[in-house]
Amino acid sequence: MRHQTTRELFQYWNALRGRRAAPDRADIDLAAIRSLIADMFMLEVDAAHRFPFVLAGTRVNALACAEQNGRSFLHLWPAHEARNIAAMLLTVMDASRPMVATATAAPAGGSNLEVEILFLPLGRHRQARARILGLIAPDAPTSWLGLRPIEELKLQALHMIEDSVTSREFDVRTQFRTALASAQARQGDRPARNVRHLRVIEGGRKIS
């Protein structure tokens, strides 16, 4: 994780979970992380696997120049990427593993902005649907943010953060097989494109 805001949210989530795989949604105190809220989002893991926003900070809304609550997170991605993103989100929940992605965003005719996106699973204790907590951290300020909507996010790299002592290659075909099968059953039988540059990075209980 390159950005201070993604590290801070991960550290908060990591402290809340303790020895559990993930903290519950009820454990999240937004007042305790108010400085991060503008860049944060929360997704619902719904039966249709649309992953609608249930929380979107002001800078998240600014990317699309529109309120995102209730809209599908997948709509921010091109169709061929949306399948991979849906599979990744299901893996975040099913494996209770946080992930961090690098993507680019740009309005029509505008310059690319690189962003780091953090995805953190939340438990479903006493809740009908699971949630995913996230944060989008831009690499640098840009003049068009909030004035011109991005066309789409384009995935550049994706990493899983886990408690292992060493890093290992993340096998997309093996790790995403179940999630992809579920997502493809709802979105047609066209095979999803493999995402390159996926590996596991060390995370665990300490961020340096």
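The values are calculated or read from the model by the stated rules, or taken from the named source; none is laboratory data. Fair warning: this is a prediction, and the values are worked out from it, not measured in the lab. Glycine gets a Cβ as well: all are built from the backbone with ideal geometry, and neighbour counts include every protein chain shown.
Details
- Selection within the range 140-154: residues that are touching a residue at least 60 places away in the same chain (Cβ under 8 Å) and not aliphatic (A, V, I, L, M). The member of this set that is nearest to Val60 (Cα to Cα) is Gly146.
- Some residue of the range 26-38 being within 17 Å of Met99 (Cα to Cα) and at pLDDT 95 or above: no
- Single residue of Val92, Val115 found to be buried (at least 17 other Cβ atoms within 10 Å of the Cβ) and closer than 15 Å to Leu133 by Cβ: Val92
The rows are residues; the columns are (1) of a type in the set (Val, Ile, Thr); (2) in contact (Cβ under 8 Å) with a residue 12 or more places away in the chain; (3) within 21 Å of Arg124 (Cβ to Cβ); (4) in contact with a Leu (Cβ under 9 Å, 6 or more places away or on another chain).
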| position | (1), (2), (3), (4) |
| --- | --- |
| Gln11 | no, yes, no, no |
| Ala15 | no, no, yes, no |
| Ile33 | yes, yes, yes, yes |
| Met42 | no, yes, yes, yes |
| Phe53 | no, yes, yes, yes |
| Gly57 | no, yes, no, yes |
| Val60 | yes, yes, no, yes |
| Ala64 | no, yes, no, yes |
| Glu67 | no, no, no, no |
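- For the range 132-155, the candidate set comprises residues that are of a type outside the set (A, V, I, L, M) and within 17 Å of Asn84 (Cβ to Cβ); within that set, the residue that is surrounded by the fewest Cβ atoms within 10 Å (Cβ to Cβ) is Lys154.
- Sole exception among (1) free of Cβ contacts under 8 Å to residues at least 12 places away in the same chain; (2) touching a Gly at 6+ places or on another chain (Cβ under 9 Å); (3) among the small types (Gly, Ala, Ser) for Ala38, by number: (1)
- Matching residues, the range 62-84, being surrounded by 17 or more Cβ atoms within 10 Å (Cβ to Cβ) and modelled with pLDDT under 95: Ala62, Leu63, Ala64, Glu81, Ala82, Arg83, Asn84
- Positions within the range 12-61 being at positive phi and surrounded by 14 or more Cβ atoms within 10 Å (Cβ to Cβ), in sequence order: His49, Phe51
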